[in-house]
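Right, one structure below, let's go through it.
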Amino acid sequence: MHRPRSVRDADVPGKRVLVRADLNVPLEDGRVADDTRIRAALPTLRLLLERDAAEVVVCSHLGRPNGPDPAYAIAPVAERLLELLGADDRVRVLENTRFDPRETANDPALAKELAAQADLYVNDAFGSAHRAHASTEGVAHLLPSYAGLLLERELQELGKLLENPGRPFVAIVGGAKVEDKIGVLRSLAERADVVLVGGKMAEEIRAHPIDVPVELPSDMVAAGAFAADAESKVVAADAVPEGWLGLDIGPATREAYAKRIATAKMVFWNGPMGVFEWPRFAEGTLAIARAVADADAHTVVGGGDSVRAIEEAGLADRIDWVSTGGGASLELLEGKELPGVAAIPAA
């Protein structure tokens, strides 16, 4: 795996530094609803300021706007960033990079415009490192470029899963679509001692077996309709009534999976076990969250829904590493090269 050089080794004093951060946070009523990613960006920014950077120019995308859109303006995010960072007139936050269509096209002209504002480039946006965009990949070829502290840590933690996992290594994968995760399932099956599968993808695999050794649920919480208040009952996983839907793993599966997790020395979890947004179908995902938190193992959790589950359960501080990158972490674990990482020279 490519290990890029670190911002720790950059010649920062007196330099203008362009930082690609991952400030893609949820907004509600024009305010930041969850500042987790903003907080994750602070250590790199503080390091640069402490090392006497002349200016720190921060850029990030926010959502998926189709051109300029006031609903995705960076202003409330910048306000929260500066509030957490502390007042410093050396910090400047650029507008949402995706307001410019040249960003996702990785247009060299935009990369040059970004590069003209700085002497050094630091990529700290692991969550966007799998995208070859102007601000994540293009500009890295035009300036001396380095990995930020968050990007560096993400690669270290996920690298452990790829290169030297503790044994037994238990991987848990959930979510909706097998096709989105077949590559990572195959990669994990080659490295893990067991891959436990839940969510809609478990039903898909049961109906259409794949050439990857995984463990599937033995029972399900089935519902008569896709609704939060639907009639539900526990059934064997291979006996879901016609027209019903499996919306969570059942109690026997929760217990069996928890026992497997309890034996682990390395755990990776990505994806919920069911429709955990609805309380009646959340117990499977919460049971996995508790089992991972209780494990005497090195634990890594990635993916928005899994992270949300451990945070809602109040367990995030008991996980060794909570990854900020869903798609990026899966592509890395699948063995793919991340353009935003590959563009930075090796350490």
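For Ile310, which of the numbered conditions (1) among the hydrophobic types (A, V, I, L, M, F, W, C); (2) touching an Asp or Glu at 6+ places or on another chain (Cβ under 6 Å); (3) more than 22 Å from Glu190 (Cα to Cα) fails to hold?
For Ile310, the exception is condition (2).
Conditions (1) in contact (Cβ under 8 Å) with a residue 40 or more places away in the chain; (2) in contact with a Phe, Trp or Tyr (Cβ under 6 Å, 6 or more places away or on another chain); (3) surrounded by fewer than 17 Cβ atoms within 10 Å (Cβ to Cβ); (4) under 19 Å from Ala262 (Cα atoms), marked per residue:
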position: Val178; (1), (2), (3), (4): no, no, no, no
position: Ile182; (1), (2), (3), (4): no, no, yes, no
position: Glu190; (1), (2), (3), (4): no, no, yes, no
position: Leu196; (1), (2), (3), (4): yes, yes, no, yes
position: Ala202; (1), (2), (3), (4): yes, no, no, no
position: Ala207; (1), (2), (3), (4): no, no, yes, no
position: Pro213; (1), (2), (3), (4): no, no, yes, no
position: Leu216; (1), (2), (3), (4): no, no, no, yes
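Picking from Asp107, Asp69, Asp89, which residue would you name as being among the acidic types (Asp, Glu) and within 24 Å of Gly30 (Cβ to Cβ)? Reasoning before the result, please.
Working: Asp107 fails: within 24 Å of Gly30 (Cβ to Cβ); Asp89 fails: within 24 Å of Gly30 (Cβ to Cβ).
Result: Asp69 is the single residue among Asp107, Asp69, Asp89 that is among the acidic types (Asp, Glu) and within 24 Å of Gly30 (Cβ to Cβ).
Residue by residue through the stretch 279-290, note down the ones that are free of Cβ contacts under 8 Å to residues at least 60 places away in the same chain and open to solvent by less than 60 Å² (accessible area, probe 1.4 Å).
Ala282, Leu286, Ala287, Ala289
May I ask you to list pairs of residues, at least six apart or on different chains, whose Cβ atoms are under 7 Å apart, with the first in the stretch 63-74 being within 16 Å of Val32 (Cα to Cα) and the second being surrounded by 10 or more Cβ atoms within 10 Å (Cβ to Cβ) and hydrophobic (A, V, I, L, M, F, W, C)?
From residues that are within 16 Å of Val32 (Cα to Cα), the pairs are Tyr72/Leu62; Ile74/Leu62; Ile74/Val93.
Is it true that some residue in the stretch 105-115 is closer than 17 Å to Ala21 by Cβ and outside any helix (DSSP H, G or I)?
no
If a residue has to be without any contact (Cβ under 8 Å) to a residue 12 or more places away in the chain and more than 16 Å from the chain's Cα centre (by Cα) to count, how many in the stretch 150-175 make the cut?
1
Kindly list, by first and then second residue, each pair from a residue in the stretch 12-40 that is open to solvent by 50 Å² or more (accessible area, probe 1.4 Å) to a residue that is of a type in the set (Ser, Thr, Tyr) and assigned to a loop (DSSP other than H, G, I, E, B), limited to pairs with Cβ atoms under 6 Å and residues at least 6 apart or on different chains.
Arg37/Thr324
So which residues in the stretch 337-347 are part of a loop (DSSP other than H, G, I, E, B) and within 25 Å of Arg308 (Cβ to Cβ), if there are any at all?
Within the stretch 337-347, Leu338 is the sole residue that qualifies.
Tell me, yes or no, whether the stretch 146-166 has at least one residue that is within 30 Å of Arg5 (Cβ to Cβ), of a type in the set (S, T, N, Q) and outside any helix (DSSP H, G or I).
So far as the stretch 146-166 goes, yes, one or more of its residues are within 30 Å of Arg5 (Cβ to Cβ), of a type in the set (S, T, N, Q) and outside any helix (DSSP H, G or I).
Test each condition in (1) closer than 26 Å to Gly326 by Cα; (2) of a type in the set (A, V, I, L, M); (3) surrounded by 13 or more Cβ atoms within 10 Å (Cβ to Cβ) for Ala71 and report the one that comes out false.
The single condition Ala71 does not satisfy is (3).
Just for the stretch 95-149: of the residues that are among the hydroxyl-bearing types (Ser, Thr, Tyr), in contact (Cβ under 8 Å) with a residue 60 or more places away in the chain and touching a Ser or Thr at 6+ places or on another chain (Cβ under 8 Å), which one is most open to solvent (accessible area, probe 1.4 Å)?
Only one residue tops the list, namely Tyr146.
Go through the stretch 218-243 and give me each residue that's of a type in the set (Val, Ile, Thr), assigned to a strand (DSSP E or B) and open to solvent by less than 50 Å² (accessible area, probe 1.4 Å).
Within the stretch 218-243, the subset of a type in the set (Val, Ile, Thr) is 221, 234-235, 240.
In the following step, the residues that additionally are assigned to a strand (DSSP E or B) were identified as 221, 234-235.
Hits for the stretch 218-243 are Val221, Val235.
Residue by residue, here is whether (1) within 25 Å of Leu149 (Cα to Cα); (2) touching a Cys at 6+ places or on another chain (Cβ under 7 Å); (3) surrounded by fewer than 17 Cβ atoms within 10 Å (Cβ to Cβ) holds:
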| residue | (1), (2), (3) |
| --- | --- |
| Leu245 | no, no, no |
| Ile249 | no, no, no |
| Glu277 | no, no, yes |
| Val292 | no, no, no |
| His298 | yes, no, no |
| Gly302 | yes, no, no |
| Glu311 | yes, no, no |
| Ala328 | yes, no, no |
| Pro345 | yes, no, yes |
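The values are calculated or read from the model by the stated rules, or taken from the named source; none is laboratory data. Bear in mind the structure is a predicted one, so any value in this text is a computation, not a measurement. Using ideal geometry, Cβ is built from the backbone for each residue, glycine included, and neighbour counts are taken over all protein chains shown. These area figures cover heavy atoms from the full protein model, side chains too; ligands, DNA and RNA do not enter into them. Shrake-Rupley method; radii C 1.70, N 1.55, O 1.52, S 1.80 Å.
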